[in-house]
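Only one structure is covered here, and it is reproduced in the block below.
The values are calculated or read from the model by the stated rules, or taken from the named source; none is laboratory data. Source: prediction; values computed, not measured. Methodologically, a virtual Cβ is constructed for each residue, glycine included, from the backbone with ideal geometry; neighbour enumeration extends over all protein chains shown.
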């Protein structure tokens with residue numbers, strides 16, 4: 001299992017960044033929200049989820065990643081915005097647990113499964129191969145696999161029913177962070 005940090009200190013792609021952390025308790029959300037602003041990157045990062053699909057740029061100069069860490073949840077939501085603050089995609093990262101370091105940097109223990117949702121509504125599950133590899137290496141047990149899939153299925157069910165409110169909060173949280 002890999003522990004990931006919201007400030008992306010391990011990410012060599014970033015040349016210059018701004019990073020903000022805000023604890024939030026509002027109607028509908030209790031947890032921590034971070035804004036990772038990519039001022040300058042070494043090279044843009046693109047993702048492609050289907051063979052015939054156009055590549056999606058998720059990291060470049062001026063891009064922003066807003067991460068929402070809801071208390072007691074086994075997932076975090078990253079909303080990725082381009083240099084014009086237009087949503088590029090959401091990524092829901094399934095995790096075993098999450099917390100905040102003494103220096104206020106949020107972290108999560110990644111269970112490798114991700115749910116990617118594009119602005120047009122297309123949904124993709126990624127990371128199944130990394131989850132399977134972690135099990136083969138005895139890095140994760142069967143209970144971790146069950147937690148990962150149960151959480152992913154719950155999130156996808158809520159999304160399909162239109163009740164996964166974390167996505168709707170992304171733009172609101174971004175505007176609040178940019179105004180502070």
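Report, by residue number, each residue of segment 2-12 that is in contact with a strand residue (DSSP E or B) (Cβ under 8 Å, 6 or more places away or on another chain) and surrounded by 15 or more Cβ atoms within 10 Å (Cβ to Cβ).
Within segment 2-12, 4, 6, 7, 8 meet the criteria.
Working only within segment 125-165, note down all residues that are touching a residue at least 12 places away in the same chain (Cβ under 8 Å), in a loop (DSSP other than H, G, I, E, B) and either surrounded by 13 or more Cβ atoms within 10 Å (Cβ to Cβ) or on the phi > 0 side of the Ramachandran plot (or both).
127, 139, 140
Which condition does residue 71 not pass, out of (1) crowded, with 16+ Cβ neighbours inside 10 Å; (2) closer than 21 Å to residue 108 by Cβ, if it passes all the others?
(1)
Report yes if some residue within segment 166-180 is surrounded by 13 or more Cβ atoms within 10 Å (Cβ to Cβ), modelled with pLDDT of 95 or more, on the phi < 0 side of the Ramachandran plot and within 13 Å of the chain's Cα centre (by Cα); otherwise report no.
So far as segment 166-180 goes, no, none of its residues is surrounded by 13 or more Cβ atoms within 10 Å (Cβ to Cβ), modelled with pLDDT of 95 or more, on the phi < 0 side of the Ramachandran plot and within 13 Å of the chain's Cα centre (by Cα).
Please indicate, with yes or no, whether at least one residue in segment 78-87 is on the phi > 0 side of the Ramachandran plot and free of Cβ contacts under 8 Å to residues at least 60 places away in the same chain.
Residues of segment 78-87 that are on the phi > 0 side of the Ramachandran plot, as a first pass: 85.
Cutting the leftovers down to free of Cβ contacts under 8 Å to residues at least 60 places away in the same chain gives us none.
No, segment 78-87 contains no residue that is on the phi > 0 side of the Ramachandran plot and free of Cβ contacts under 8 Å to residues at least 60 places away in the same chain.
Scan segment 81-117 residue by residue and report those that are modelled with pLDDT under 95 and part of a loop (DSSP other than H, G, I, E, B).
Within segment 81-117, the first condition is being modelled with pLDDT under 95, and the residues that meet it are 99-105.
Those that are modelled with pLDDT under 95 and part of a loop (DSSP other than H, G, I, E, B): 101, 102, 103, 104, 105.
Before we move on, is residue 69 part of a loop (DSSP other than H, G, I, E, B) and closer than 30 Å to residue 44 by Cβ? If you could, list the steps in order and put the result at the bottom.
Numbers: part of a loop (DSSP other than H, G, I, E, B): no; closer than 30 Å to residue 44 by Cβ: yes.
When the stated conditions are applied, residue 69 does not pass them.
Of (1) more than 22 Å from residue 180 (Cα to Cα); (2) surrounded by 15 or more Cβ atoms within 10 Å (Cβ to Cβ), residue 100 satisfies all except one. Which?
Unmet for residue 100, out of (1) more than 22 Å from residue 180 (Cα to Cα); (2) surrounded by 15 or more Cβ atoms within 10 Å (Cβ to Cβ): (1).
Could you grab me the full set of residues in segment 10-49 that are farther than 24 Å from residue 163 by Cα, outside any strand (DSSP E or B) and free of Cβ contacts under 8 Å to residues at least 40 places away in the same chain?
10, 11, 12, 42, 43, 44, 48
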